[in-house]
Amino acid sequence: MTARRTLEAVFLFTAVVFVVAPGAGPGPVPLVLKVTPIACLAVLVSLERGAAWVAVLAALGFSAAGDLALELGAFAPGLGAFLLAHLCYIAAFAARPRFSAGGMLLALGVLAFAAGLGRLLLPETGALAPAVLAYLAVITAMALVATFCGAGPWAVAGAVAFVLSDALIAVNRFLEPVPGARHAIMLLYYAAQFGLSVRARGWPAGR
């Protein structure tokens, strides 16, 4: 088995284990398990060095830091780390826009979803409202850049999955608990990072 196949297998195995495992709270095992899939993608990016690999590697690094912060209950630092991750993804995908009917429809859907989510969330976020608004704007921009700048279908799907994952986090935290939210959040999150890093990993489907 090649190094790529091994790392992809470890990514898939550890992601599935973390998604299906019951929440264990802070501790070395869940912390390591949570960031292992992202570490696998980061190593693959470093080995393959595909498109915009430096920016994507930075995005994965900030994502891992955000994972650790959120798992330890530090919401604001986690939010900041993921905001930086999305800025790195924007830098990775930024290029001359390529407009299409499908892209326009998806962009309108993302914008409508973000606007509706913000209208529901912001009154409930208190002192975190400015940070939540900034984060919502940046992740929306990341999804739009991936959609319009030729990042590829894997990246677009990953961006949408990230928006949905973070929307579930926000609803679960600020509005009301969502049954099974943790499992859905992490499933969407790992799928998002896989899709967003495809081209930087030199994956054949992402070339």
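Per-structure values
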read-out	value
Selection within region 30-59 - part of a helix (DSSP H, G or I), open to solvent by 30 Å² or more (accessible area, probe 1.4 Å) and under 19 Å from residue 151 (Cβ atoms)	48, 53, 54, 57, 58
Unique residue being open to solvent by less than 30 Å² (accessible area, probe 1.4 Å), free of Cβ contacts under 8 Å to residues at least 60 places away in the same chain, over 25 Å from residue 172 (Cβ atoms) and aliphatic (A, V, I, L, M) when the list is 94, 107	107
Among the candidates 175, 144, residue that is hydrophobic (A, V, I, L, M, F, W, C) and in contact with an Asp or Glu (Cβ under 7 Å, 6 or more places away or on another chain)	175
Region 118-134: number of residues that are open to solvent by less than 20 Å² (accessible area, probe 1.4 Å) and in contact with a Leu (Cβ under 8 Å, 6 or more places away or on another chain)	3
Leading residue by the ranking (surrounded by the fewest Cβ atoms within 10 Å (Cβ to Cβ)) among those in region 60-91 that are free of Cβ contacts under 8 Å to residues at least 40 places away in the same chain and touching a Lys or Arg at 6+ places or on another chain (Cβ under 8 Å)	68
Test: residue in region 136-144 that is over 27 Å from residue 18 (Cα atoms) and not in a helix (DSSP H, G or I)	no
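The values are calculated or read from the model by the stated rules, or taken from the named source; none is laboratory data. Keep in mind the model is a prediction, meaning the values are calculated, not measured. Cβ sites come from the backbone with ideal geometry, for glycine too, and all protein chains shown count toward neighbours. These accessible areas exclude ligands, DNA and RNA; they are computed on the full protein's heavy atoms, side chains included. Shrake-Rupley method; radii C 1.70, N 1.55, O 1.52, S 1.80 Å.
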